[in-house]
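What follows is calculated from the coordinates using simple rules that are stated; it is not laboratory data. Fair warning: this is a prediction, and the values are worked out from it, not measured in the lab. No Cβ is skipped: glycine too gets one built from the backbone with ideal geometry, and neighbour counts run over all protein chains shown.
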C-alpha cells in the first residue's frame, strides 16, 4: 500500500484575471476553480488516475478542511486525515493574469494552515508506525511552522526497521536531514539540487555528479526533474539515464513534479523496471504541465508513446526549468 503525507494540505483557489494584480485595484475573475492542494495530495490524485490505490495522510481543520475532505473523496482518494481543533486548512490563492501573452503570469498567496498539537502529531505517527514491509511512504513538500521541522526524520525513524520504501520530494534543507536514513527515491528539481550543493549545475555531467553525491549521502535512487528538458535518473547501481520530455506548450506547472513522483511509483509497482519508471515519470509530469490540473491517464499514456528512448549523457543547456 502507498501512503502519501502532506504536512499542510490546502484548498487552492485558482482565479483567471483580466489584468495584472495591482495594489488598490479591483479585478473580477474570468474563471475560477477550487482544487484540493498539497504535494502529497497531488501525488495521490495522479496515482488514482493511473489506477493505483493510495491513502493520503495529513492534518485538516475548520470549514476549509471539510471542503478539502469532500473534494478528495469526490476525486476517489482514500484519506486518513487527522482533524485538529484550532485554525483551518490553509486556503491558497493562485491569480493568473490572462492579459499576458500565453496567459502564464501567476501570483500566489499561500495561507497559514491550522495549529497542530503534539497529540495530533502522535496520532499521525501511530498511523505511520503501522506501515509494514512492502508499503511505500511518500513524504512531499515543505514543513509548515506549526510542525516540528525535524518531523520527516521522525517519520523515517518510525518505519526504518519495517521494510518500508520511503520516497522524498522536499526542499534542500529537508533533504539534508533525511538522506542518512537511506530513502528509496529522492526527486529534487534542478533548483533544489543546486540549493543542496550550493553550486551551479550547467551540464549533464554536473547533474549526474550531483545525483551521485546524493547517493553517497544516503539516497538509493535519484530522479532530478528539469521541467521541459526532462529528467536525469541515477539508479542504486550507479547506472545513469537521461530522459527527454515530449514537446508541447505548458499550461500549468503546478503538480507536474508531483505527477512525476506518482508516475515513477505507479510504473515501478507494475513493472519493477526502474528505467521505464523514470520514462513514465517524465511522461506523467509533462502531461500535467500540458494540462489544467492533474492530467488523466490517457494523456500520460499518449505522451509516453510519443517519447524517444533515453539518450546517453551529453551537454545540456546552461539553464533548465524548475519542476
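Sorting 24-34, 218-228 by average packing, meaning the other beta carbons within 10 Å per residue, from highest down gives 218-228, 24-34. Here the spin labels are modelled as points 7 Å beyond Cα on the Cα-Cβ line, and at residue 292 and residue 52 they lie 2.8 nm apart.
Please sort 193-204, 8-19 by packing, taking for each peptide the average over its residues of neighbouring beta carbons within 10 angstrom, highest first. Before the final figure, lay out the partial values.
Details: 193-204: 16.3, 8-19: 20.2.
Packing order, densest peptide first, comes out as 8-19, 193-204.
Sort the stretch 97-233 into rounded, prolate or oblate with this rule: let a ≥ b ≥ c be the square roots of the eigenvalues of the Cα gyration tensor; rounded if a/c is under 1.5, and if a/c is not under 1.5, prolate when a/b is larger than b/c, oblate otherwise.
Verdict is oblate for the stretch 97-233.
With the simple model of a label 7 Å out from the Cα in the direction of the Cβ, residue 130 to residue 236 spans 2.7 nm. Cβ-Cβ distance of residue 83 and residue 217, R₀ of 35 Å, FRET efficiency by 1/(1 + (r/R0)^6): the value works out to about 0.45. Just to be sure I understand the model, the point goes 7 Å from the Cα along the line to the Cβ. What's the resulting residue 309 to residue 199 distance in nm? Each label point lies 7 Å from its Cα, and together they span 3.3 nm. For the chain, the share of DSSP beta bridges that are antiparallel, to the nearest 5, is 40%. Annotation for the stretch 165-232 versus the stretch 272-294: alpha-carbon center distance of 18 Å. With R₀ set to 30 Å, the beta-carbon distance separating residue 93 from residue 73 gives a calculated FRET efficiency near 0.80. Fewest neighbouring Cβ atoms within 10 Å first, the residues 109, 82 line up as 109, 82.
Sorting the segments 281-289, 40-48, 144-152, 175-183 by their mean number of nearby beta carbons within 10 angstrom, highest to lowest, gives 281-289, 40-48, 175-183, 144-152.
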